[in-house]
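Enquirer: My questions will all concern the structure given below.
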Amino acid sequence: MSHSPDSVHTPPPPAVPWPVWPLAALVLGSLLMVAWHQLGRQADATPQTAPLVWERSLVFEDLPNGDIGVIDASQQQLVAVFAGEQGFVRGTLRALARERYRRGLGPQVPFQLQGHADGRLTLADPATGERIALESFGPTNLAVYSQLRTARADAVLISKGETP
């Protein structure tokens, strides 16, 4: 039996072109990642379980020379200066300040440095409810903020970015 060119059977084209399947998988994967991230943020928003042991109200100011001044809000006195780059300090403060800006709030309300019974340290913003769990960034970065617990106006702490 011979086949004529007119009788050659070609398969029908696929119902959905092949590039659509990888694109659909990409969109589905993106949606799943967003959902996972949102669920994680809700878990982070749960109240702290360890009781608060101490708290210190601090105001952070940019000084004319580019350093960061730390003022004890209750005494209105400079207690520390972070000189130099200070990437971690600047990054955490920028995150909290960005949220204040987004909500149309200014710098009037001091931040709260909080120590918990389980040893955790938190930088909280009572104006927005945002908080940063400082121990999450490792012992070196935690030490940068933990030294502020006892910083005093009569012995201003000068940090040049070295590990305390």
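The values are calculated or read from the model by the stated rules, or taken from the named source; none is laboratory data. Computed from a predicted model, the values in this text were never measured in an experiment. As a convention, Cβ positions derive from the backbone with ideal geometry for all residues, glycine included, and neighbour counts pool all protein chains shown. Calculation scope for accessible area: heavy atoms of the full protein, side chains included, ligands and nucleic acids excluded. Shrake-Rupley method; radii C 1.70, N 1.55, O 1.52, S 1.80 Å.
Enquirer: Using modelled amide H (1.01 Å from N, peptide plane; none on Pro or chain starts), what sits under 5 Å from the amide H of Val79, excluding residues fewer than 5 places away?
Expert: Val70, Ile71, Asp72
Enquirer: Ok, one more. Keeping all protein chains in the complex and leaving out DNA, RNA and ligands, what accessible area do you get for Asp72 with a 1.4 Å probe, in Å² to the nearest 10?
Expert: 10 Å²
Enquirer: Now for a different question. Would you check the accessible area of Val27, probe 1.4 Å, heavy atoms only, in square angstrom rounded to 10?
Expert: Ignoring ligands and nucleic acids, Val27 comes out at about 90 Å².
Enquirer: If you roll a 1.4 Å probe over the range 43-158 with all protein chains in place, what percent of the accessible area is carbon or sulfur?
Expert: 52 percent
Enquirer: Report the label-to-label distance for His9 and Arg94 in nanometres (one decimal), using points 7 Å from each Cα along the Cα→Cβ vector.
Expert: The modelled label-to-label distance comes out at 6.6 nm.
Enquirer: May I ask you to compute the full-extension gain from Glu55 to Val156, defined as 0.36 nm times their residue separation minus their alpha-carbon distance, rounded to one decimal in nm?
Expert: 34.5 nm
Enquirer: Another one. Could you pull out every residue, at least 5 positions away or on a different chain, whose amide H is within less than 5 Å of the one on Glu130? Hs are placed 1.01 Å off N in the peptide plane, and Pro or chain starts have none.
Expert: Asp125
Enquirer: Right, next: Please express the Cα-Cα pair-distance distribution P(r) of the range 36-127 as a list of whole percents, one per 5 Å bin, running from 0 to the bin with the greatest distance.
Expert: 3, 11, 18, 22, 23, 14, 6, 3, 1
Enquirer: If DNA, RNA and ligands are ignored and the probe is 1.4 Å, what is the ranking of Glu130, Glu99 by accessible area, most exposed first?
Expert: Ranked from most to least accessible, the order is Glu130, Glu99.
Enquirer: Go through the range 60-69 residue by residue and turn each phi into a ³J(HN,Hα) via Karplus (6.51, -1.76, 1.60, θ = phi - 60°); whole Hz please, and just put x for glycine and proline.
Expert: 10, 10, 6, 8, x, 8, x, 6, 10, x
Enquirer: I'd like the distance between the alpha-carbon centres of the range 50-72 and the range 89-164, rounded to an integer number of Å.
Expert: 7 Å
Enquirer: Work out from phi, with θ = phi - 60° and the Karplus expression 6.51 cos²θ - 1.76 cosθ + 1.60, the ³J(HN,Hα) of each residue of the range 146-152, listed in order in whole Hz, and give x for Gly and Pro.
Expert: 5, 5, 6, 4, 10, 4, 10
Enquirer: Run the numbers for Ser30 and Ala73: contour at 0.36 nm per residue of separation, minus the present Cα-Cα distance, in nm.
Expert: Contour length minus Cα-Cα distance gives 11.1 nm.
Enquirer: Can you compute 3J(HN,Hα) from phi for each residue in the range 84-99, using the Karplus curve 6.51 cos²θ - 1.76 cosθ + 1.60 with θ = phi - 60°, rounded to whole Hz and x for Gly and Pro?
Expert: Each residue's phi maps through the Karplus curve to give x, 5, 6, x, 5, 4, 4, x, 5, 5, 5, 4, 6, 5, 4, 5 Hz.
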